[in-house]
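Structure, as structure tokens:
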Amino acid sequence: MFRKKRIALLGLMLESNSFAPVTGRDDFLSRLYVAGIEMAEELRKDESKIPAEMHSFCATMDMSVEWEAAPILIGLVEAGGPIDHDFFAQTLHDMKGRLEAAMPLDGVYICNHGAMITTEDRDPDGDIFEMARSVVGKECPIVATLDLHGNVSDRMIAAVNLVVAYQTNPHVDMVARGREAALAMSSMLSGLRPVSAIIRLPVCPPTVTLLTDKGPYADLMRYGQARSGGEIMNVSILGGFAYADTAKNGLCVIVTARSDRAVAEAVAQDIAEYAWSDYRRYDPHL
Ligand SMILES: [Zn+2]
């Protein structure tokens, strides 16, 4: 019998400055923190608070696949300090219970920022990615979108099939990246299983050097995106967020190939070498 593809939607978006005051439940509630039916209602609103990339993901899925959304939980707040650990743990637990209840699922879309820390943990984005994988199993496609200020851990990459990061700073390409994530999900629902290579450089660029109209990061972004296409499904180059102050900080190159791991690794290496050859330009001259 025909059954619509069921795709879970979830995310918790926070850019944490390690040295700023704690971000708590009230901060999220004042901006966006909805789950289940409430989240479904928010998704349907014309002037919704749902992140633009998640909206775009859903709109693109509507046009490409017979699907239904399984709204899990979405939280969003302005950049702040570390998230209160107990609140994060409760949120993760809630997400897990709702994901389990939503099974069987055909896919998962995670909409995170990527530079969140908690008052006790330096990789809560990795916790969310791994939790999702643990619930849906290793065959179920998972795609994630991230801000280019995200700090990516190896376990984040290991847990999902594809990471799609913003390519513009200031950020104006959320709609394009949401669309890209949905088209990738559509391909994965047809059997594609992409493979990713990640190289993290020992460079923590100051935020003032991460603009994408001109400067070293703009040049790197152009160099990397020129390699996207054909076997290369996505090139994501994250400048990261220095003030999250984590062991996973560092300019990060993620290359995803449609199936050929060796090609992904070679292209990632080439882009990383270009970045390294240019690293002195990330020294800010204020
Ligand atoms: Zn950002």
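The values are calculated or read from the model by the stated rules, or taken from the named source; none is laboratory data. It should be emphasised that the depicted structure is a prediction, and the values quoted were computed from it without experimental measurement. FYI the Cβ positions are ideal-geometry reconstructions off the backbone, even for glycines, and counts take in every protein chain you see.
Here are the numbers:
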| item | result |
| --- | --- |
| Matching entry among Ala102, Ala70, Ala59 (being out of contact with any strand residue (DSSP E or B) (no Cβ under 7 Å at 6 or more places or on another chain) and modelled with pLDDT of 95 or more) | Ala59 |
| Scope the stretch 240-277; condition surrounded by fewer than 16 Cβ atoms within 10 Å (Cβ to Cβ), not hydrophobic (A, V, I, L, M, F, W, C) and not in a helix (DSSP H, G or I); matching residues | Ser259, Asp260 |
| Residue selected from the stretch 1-17 under the condition away from the ligand (no atom under 16 Å from the Cβ) and outside any strand (DSSP E or B), by the criterion surrounded by the fewest Cβ atoms within 10 Å (Cβ to Cβ) | Met1 |
| Members of the stretch 153-212 found to be of a type in the set (S, T, N, Q) and within 16 Å of the ligand (Cβ to nearest atom), listed by number | Gln167, Thr168, Asn169, Thr207, Thr209, Thr212 |
| Leading residue by the ranking (farthest from the chain's Cα centre (by Cα)) among those in the stretch 201-226 that are part of a helix (DSSP H, G or I) and aliphatic (A, V, I, L, M) | Val208 |
| Of residues in the stretch 227-239 being outside any loop (DSSP other than H, G, I, E, B) and more than 16 Å from the chain's Cα centre (by Cα), the one farthest from Asp121 (Cα to Cα) | Gly229 |
| Whichever residue in the stretch 119-150 is within 16 Å of the ligand (Cβ to nearest atom) and among the small types (Gly, Ala, Ser) and, among such residues, is farthest from the chain's Cα centre (by Cα) | Gly150 |
| Among the candidates Val22, Val34, residue that is surrounded by 14 or more Cβ atoms within 10 Å (Cβ to Cβ), of a type outside the set (D, E, K, R) and touching a helix residue (DSSP H, G or I) at 6+ places or on another chain (Cβ under 6 Å) | Val34 |
| Pair list, Cβ under 6 Å, 6 or more apart: the stretch 113-142 residue within 17 Å of Leu162 (Cβ to Cβ) and modelled with pLDDT of 95 or more, other residue among the polar types (S, T, N, Q) and within 16 Å of the ligand (Cβ to nearest atom) | Asp125/Asn112 |
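Conditions (1) under 18 Å from the mean Cα position of the chain (by Cα); (2) surrounded by fewer than 18 Cβ atoms within 10 Å (Cβ to Cβ), marked per residue:
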| site | (1), (2) |
| --- | --- |
| Ile74 | yes, no |
| Phe87 | no, no |
| Ile117 | yes, no |
| Pro170 | yes, yes |
